[in-house]
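S.K.: One structure coming up, written as structure tokens, with questions to follow.
Computed from the coordinates by the stated procedures, all read-outs in this text should not be read as laboratory data. These numbers were taken from a predicted model, which means no experiment stands behind them. With ideal geometry, Cβ positions are generated from the backbone for all residues, glycine too; neighbour counts draw on all protein chains shown.
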Amino acid sequence: MTKKFIGKRIVRNEDPQLLTGQAQFVDDVEIPGMLHAAFLRSDYAHARLLSIDVSKACQRPGVVAVFTAEDMGDDWQPGPPLVSPPPTAKDVIFNSRRQVPLVKDKIRHTGEAIAVVIAESRYIAEDAVDDILVELEPLEAVVDLERGLEAGSPLVHDDLESNLAAHLLQKKGDYETARQKADLVIKRRIVIGRGAAAAMENRGIVANWDAKSQHLTIWDTTQAPIPIRNGTAARLGLSEHQVRVIAPFIGGGFGPKMMMFYAEEMVIPWVSKELSRPIKWIEDRRENFYATTQERGQIHDVEIALSSDGYILGLKDVFLHDTGAYDPYGLTIPLNTQCHAMGGYDIKNFTTEVSVVFTNKTLVTPVRGAGRPQGIFIIERLLDIASRELGIDRIEIRKRNFIPPDAFPYEHKIIDQAFAPLILDSGNYLPVMEKALEMIGYEEFVKEEQPRLRSEGKYVGIGIAPFIESTGVGPYEGARVTVEASGKISVATGIGTQGQGHFTAFAQIVAEQVGVAVKDVRIVTGDTTEFHWGTGTFASRGAVVAGNAIHAASSIVRKKILELASKVLETPIDELELDDGLVRVADIPHKSISLGELALLANPLRGAVEPGTEPGLEATAYFGPNYGATAFGTHAMILEVDPETMMIKIKRYVTVEDCGTVLNPLILEGQIHGGVSMGIGNAYYEQLHFDENGQLLNASFADYLIPSATEMPRIEVGHIETRSSLNELGTKGVGEAGTIPVPALFAQAIENALYDHELEILEMPLSPNRLFEFLNEEKSR
Amino acid sequence: MKIEGEYTFDGPREDLWELVRDPEVLATCLPGTQSVQKMSDNEYAGEIKVRIGPISGTFSGQLFVTNEVPPVSCTLTVEGKGKVGFLKGIGNIDMIDQGESKTLMKYTGEVQIGGKVASVGQRLFDTVSKGMTKQGLDKLNGILQTRRTKN
């Protein structure tokens, strides 16, 4: 059936509000009598807390209260374990240590909150923070992952025997036997550095405990409003219905806002209840560098076994993963790394072993990509090296190893981040790669343009990187769809929104079913009073899981509309059509009734209804897949390296995405553009540098470089649609896709550009400086 | 972070030593020093105002002199903290008599910084500390010459 709304380039419903500054963000919330919070944070990465003296701070005019861990009494509890270790994996070691509201005994990373000042203004609160006297005993910090696991290392958590947070070994087939049969075994160490999500909007929270109504309202920059509501109620001993959490417009989530409960999320609502006053805390940029979670730090010792004709016989990866000071998010990231290290390739023998390490650094939880870019980097790097060593073209070696289209669903026999067996539901990788090659003009570039540019002394390289992305994982989301008396549609879903275009893409799904204009569908996301079942916006799952729940609810509403209209118009359902907000008799177009009139008829104020009748044209439905849908794609790039400055210029950037059914190409392209931008940061600009004492040395945008408009290329996006078989819409996620292959692509393109050097890039992120160092190391060899 | 360097003074070693061990002289020489108090023969307490790029603030702390071999060498330990962070440093000073009223001072040290000075000022810290050292040593050399002229 041709679609009227799904798949159309429809401009976003939310844009007029956002672009004219009329959208509500957390910091826009103003409540009479509201007080402001500022946190005292540790300058040290590791230290024992000996004493705190807040007396001077309390005396400062305008200060209402100062709280420390002691003041919280029995309400002082660490955050909940957000993701438990996989119950289905064997012999997992997992030491759960969770972040605390305020430090009680020991500081475990710089920026950890020690005390909170509540004052009439943020200015006063900040000044009073400086009045607090803290006595600390600095301890040696755990910074390096390998040293952190050595005997005699200082301990992040004194009650553990070592800094090992977790250990997980997964095996598919038999790598050791495969290795013996190999013609070529390549072993490398690959190091991935840590970066920040650097969302445009930092975190923020406003909590308002109304003592008279015994009700708590929280505005929070969270990606998971419902779990925050439920957890807050539990922490404060309230009914879930006494707590309303609103996640309004949010200026970017990217994963860290899925982390819960941050210290501030535990402290601010508690303070509001203690003082019976509204309290606001808005994170500043420097706090964000310490107090908001980060990701990517891993060290991999990898090995790939190949036949002489380039077929992968097996892959082995033993790696360390930095979880920072605590591990509330379980093994999600390393599991994603394990599940993506095979890429889209038919690898029969795979051994993957991870040791997760506690360090005196900010917590690590998923950041857009969430372990997947590391996995893709590994396999794509190894294939590039294999291609050189075996003398097989880099495109050809990939073609030979792709999982063939008739092998789907393809089961990998290891478990994924949702603890489900890793099954790639659908895929057809070759056409996607071929389309990317065609779009970038690979043949012509390599044969004609590149030799010409090289003869002019230019260092221009081309890269091609295919990838897969597990998306749209469970457990479930839900939605309620209602036809209102105005004829407009109201929809509520539990997930939060951080710029994904939900108000439009979801509206298109509804419009398709109930035949109204997209602008006549009003979507509410992230308000627990509107909808209170669901988990959150993460793992590229909004359009898949919430999208299909909305589709399911809309389908039921469509049925209700048609059933009622059939009675009113005295016409069988199959002779009715639903369009332009009307139900019409197909061959007698003037015989019709509007959705608004039907909604009124479905909600009578007087008279009698048949027993069992449900009022209104409304339905609530839920969707949860058996396992996640796997999207895929290929990125291609042409870049030029300035051999003097090592600055790079991206000449062409092409992506071809297959995320199943495309809901709105305009929004999809926006997602890809943003993802690529983040990937470029991960590849060439963004790295957090810590010194040996755990001090973060570049906690500002002067030193931590995120790609700006000048670093961004024009991105050409191509689509191929391979529907997912796991849901009715056939959708797969795409939120993280733009980011995932970029580091692998950069490494390949840079090596290709610097063709007269023996360069092998085995770390990310790079920077002009790091590239310069590599070339110097090569010279000195 | 490592600090290392040398400086040639226009004066004899004994005179220089005397100046280095005089808290008032130290207070004058170190740029931004607001006060120095002698707590004991080997311990000084004081306050110093530092500006590193966008960060400025007052550090209060102590300076300890150990391993003293007058007028040849000593070890200096500094610990300071303030609203913008903390610093901790340890360094050795060697004074070598060059004859003809010239003294060569060699210094090596290791400085640890934390808090805002580290996270925001790190990139400039090296330049600033070198600049401050140079200014301080120039000033000290000036005082050395003035005193010699007076005597």
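S.K.: Tell me the GluC sites (Glu not before Pro) within the stretch A:600-650 that lie in a loop according to DSSP and have at most 12 other beta-carbon atoms within 10 Å.
M.R.: Passing both the DSSP loop test and the Cβ count: A:GLU644.
S.K.: Next question, about the same structure. If you filter the stretch A:14-121 for trypsin sites (Lys or Arg not before Pro), then keep DSSP loop positions with at most 10 other Cβ within 10 Å, what is left?
M.R.: Details: sites: A:ARG41, A:ARG48, A:LYS56, A:LYS90, A:ARG97, A:ARG98, A:LYS104, A:LYS106, A:ARG108; in loops: A:LYS90, A:ARG97, A:ARG98, A:LYS104, A:ARG108.
Hits after loop and neighbour filter: A:LYS90.
S.K.: Based on the Cα coordinates of the stretch B:2-146, what is the per residue volume of their convex hull in Å³?
M.R.: With only Cα atoms used, the stretch B:2-146 gives 91 Å³ per residue.
S.K.: Then there's this: Roughly how many whole Å is it from the C-alpha centroid of the stretch A:60-124 to that of the stretch A:262-332?
M.R.: About 16 Å separates the Cα centre of the stretch A:60-124 from the one of the stretch A:262-332.
S.K.: Now for a separate question. Just how many pairs of Lys in the stretch A:479-572 have C-alpha atoms closer than 20 Å, counting pairs that are eight or more places apart or on different chains?
M.R.: 4
S.K.: Something else about it: Among the lysines, select those whose C-alpha is under 27 Å from the C-alpha of B:LYS130, and discard any that sit fewer than 8 residues away in the same chain.
M.R.: Within the straight-line limit of under 27 Å, B:LYS130 reaches these lysines: B:LYS2, B:LYS38, B:LYS49, B:LYS81, B:LYS83, B:LYS88, B:LYS102, B:LYS106, B:LYS116, B:LYS139.
S.K.: For the pair A:VAL11 and A:LEU160, what calculated FRET efficiency results from E = 1/(1 + (r/R0)^6), where r is the Cβ-Cβ distance and R0 = 51 Å, to the nearest 0.05?
M.R.: Plugging the Cβ-Cβ distance into 1/(1 + (r/R0)^6) gives 0.45.
S.K.: With the contact rule set at Cα under 8 Å and sequence spacing of 6 or more, what percent relative contact order holds for the stretch B:2-146?
M.R.: After rounding, I find 28 percent.
S.K.: Got a sec? Charge dipole of the protein assembly as shown, +1 on Cβ for Lys and Arg, -1 for Asp and Glu; which of A:HIS109, A:ALA325, A:ALA543 is way out at the positive end?
M.R.: Toward the positive end, the furthest listed residue is A:ALA543.
S.K.: Let me ask another. Fewest Cβ neighbours within 10 Å first, please rank A:PHE39, A:PHE408, A:PHE67 accordingly. Don't skip to the answer; put the middle values down first.
M.R.: Details: A:PHE39 23, A:PHE408 17, A:PHE67 20.
With the fewest neighbours first, A:PHE39, A:PHE408, A:PHE67 line up as A:PHE408, A:PHE67, A:PHE39.
S.K.: I need A:TYR685, A:TYR755, A:TYR329 ordered by Cβ neighbour count within 10 Å, fewest first.
M.R.: Least to most surrounded, the residues fall as A:TYR755, A:TYR685, A:TYR329.
S.K.: What net charge do the residues around A:ARG652 carry, taking every other residue with its C-beta under 11 Å from that of A:ARG652, with Lys and Arg at +1 and Asp and Glu at -1?
M.R.: Residues near A:ARG652 contribute 0 overall.
S.K.: Counting only other chains, what is the mean number of Cβ atoms within 10 angstrom of the Cβ of each residue in peptide B:119-129?
M.R.: On the way: counts 14, 9, 3, 9, 5, 2, 1, 0, 0, 0, 0.
So the per-residue partner count for this stretch is 4.
S.K.: What length, rounded to one decimal in nm, is gained on full extension from A:SER84 through to A:ARG388, with 0.36 nm per residue of separation minus their alpha-carbon distance?
M.R.: 105.2 nm
S.K.: What is the pair-distance distribution P(r) of chain A, computed from all Cα-Cα distances in 20 Å bins starting at 0, with each bin given as a whole percent?
M.R.: 16, 46, 31, 7, 0
S.K.: Place +1 on the Cβ of every Lys and Arg and -1 on the Cβ of every Asp and Glu in the protein assembly as shown, take the dipole about the Cα centre, and give the residue among A:GLY496, B:ASN67, B:ILE90 whose Cα lies farthest towards its positive end.
M.R.: Going by the charge dipole, the pick is A:GLY496.
S.K.: Taking θ = phi - 60°, what integer Hz values does the Karplus form 6.51 cos²θ - 1.76 cosθ + 1.60 yield along the stretch A:412-424, in sequence order, with x for Gly and Pro?
M.R.: Karplus values, whole Hz, x for Gly and Pro: 8, 6, 10, 9, 9, 4, 8, 6, 8, x, 6, 10, 8.
S.K.: Let me ask something else about it. Just to check I understand the Karplus step: with θ = phi - 60° and J = 6.51 cos²θ - 1.76 cosθ + 1.60, what whole-Hz values come out for the stretch A:660-665, glycine and proline as x?
M.R.: Going residue by residue, I get x, 4, 8, 7, 8, x Hz, with x marking Gly and Pro.
S.K.: Under 5 Å between amide H atoms, partner at least 5 residues away or on a different chain: which partners does A:THR471 have, H built in plane at 1.01 Å?
M.R.: Residues meeting the criterion, in which the H sits 1.01 Å from N, are A:ALA629, A:THR630, A:ALA631, A:GLY733.
S.K.: Straight-line reach from A:LYS212: which lysines have Cα under 17 Å away, leaving out those fewer than 8 places along the same chain?
M.R.: A:LYS273
S.K.: To continue, here is another question. Could you put A:TRP270, A:TRP281 in order, starting from the residue whose Cβ has the fewest other Cβ atoms within 10 Å?
M.R.: Ascending Cβ contact count within 10 Å gives the list A:TRP270, A:TRP281.
S.K.: Moving to a separate point now. Within the set of other residues whose C-beta is less than 15 Å from the C-beta of A:GLN242, count the net charge using Lys and Arg as +1 and Asp and Glu as -1. Can you show the working numbers first?
M.R.: Values: positive: A:LYS212, A:ARG229, A:ARG235, A:ARG244, A:LYS273; negative: A:ASP210, A:GLU240.
Its environment carries a net charge of +3.
S.K.: Give the lysines reachable from A:LYS348 as a straight Cα distance under 29 Å; neighbours fewer than 8 places away on the same chain don't count.
M.R.: Those lysines meeting the cut-off are A:LYS90, A:LYS171, A:LYS172, A:LYS181, A:LYS187, A:LYS316, A:LYS399, A:LYS413, A:LYS435, A:LYS732.
S.K.: Follow-up. For chain A, what does the helix formula give at 222 nm: sum of -39500 (n - 2.57) over DSSP H segments with n ≥ 4, over the residue count, nearest 500 deg cm²/dmol?
M.R.: The helix-only estimate for chain A comes to -7500 deg cm²/dmol at 222 nm.
S.K.: Roughly speaking, what is the centre-to-centre gap between the stretch B:95-125 and the stretch B:13-66 when only Cα atoms are used, to the nearest Å?
M.R.: 13
S.K.: For chain A, what relative contact order do you get, as a whole percent, if you take Cα pairs closer than 8 Å and at least 6 residues apart?
M.R.: Working: 1923 pairs, mean separation 123.2, N = 781.
After rounding, I find 16 percent.
S.K.: Under a point-charge model restricted to the Cβ atoms of Lys and Arg (+1) and Asp and Glu (-1), what is the dipole moment magnitude of the protein assembly as shown relative to its Cα centre, in debye to the nearest 20?
M.R.: 860
S.K.: Roughly how many Å is it from the Cα centre of the stretch A:463-529 to that of the stretch A:742-781, as a whole number?
M.R.: The stretch A:463-529 and the stretch A:742-781 have Cα centres spaced 43 Å from each other.
S.K.: Could you bin all the Cα-Cα distances of the stretch A:31-420 into 20 Å bins starting at 0 and give me the percent of pairs in each, rounded to whole numbers?
M.R.: 26, 49, 21, 4
S.K.: Considering every residue in B:107-118, what mean count of other chain Cβ atoms within 10 Å of its Cβ is obtained?
M.R.: Going residue by residue through B:107-118 and averaging, the value is 4.
S.K.: Inside 10 Å of the C-beta atoms of A:690-700, what's the mean count of C-beta atoms belonging to other chains?
M.R.: 5
S.K.: Counting Lys +1, Arg +1, Asp -1, Glu -1, what net charge surrounds A:ILE403 among other residues with beta carbon under 13 Å of its beta carbon?
M.R.: Local net charge: 0.
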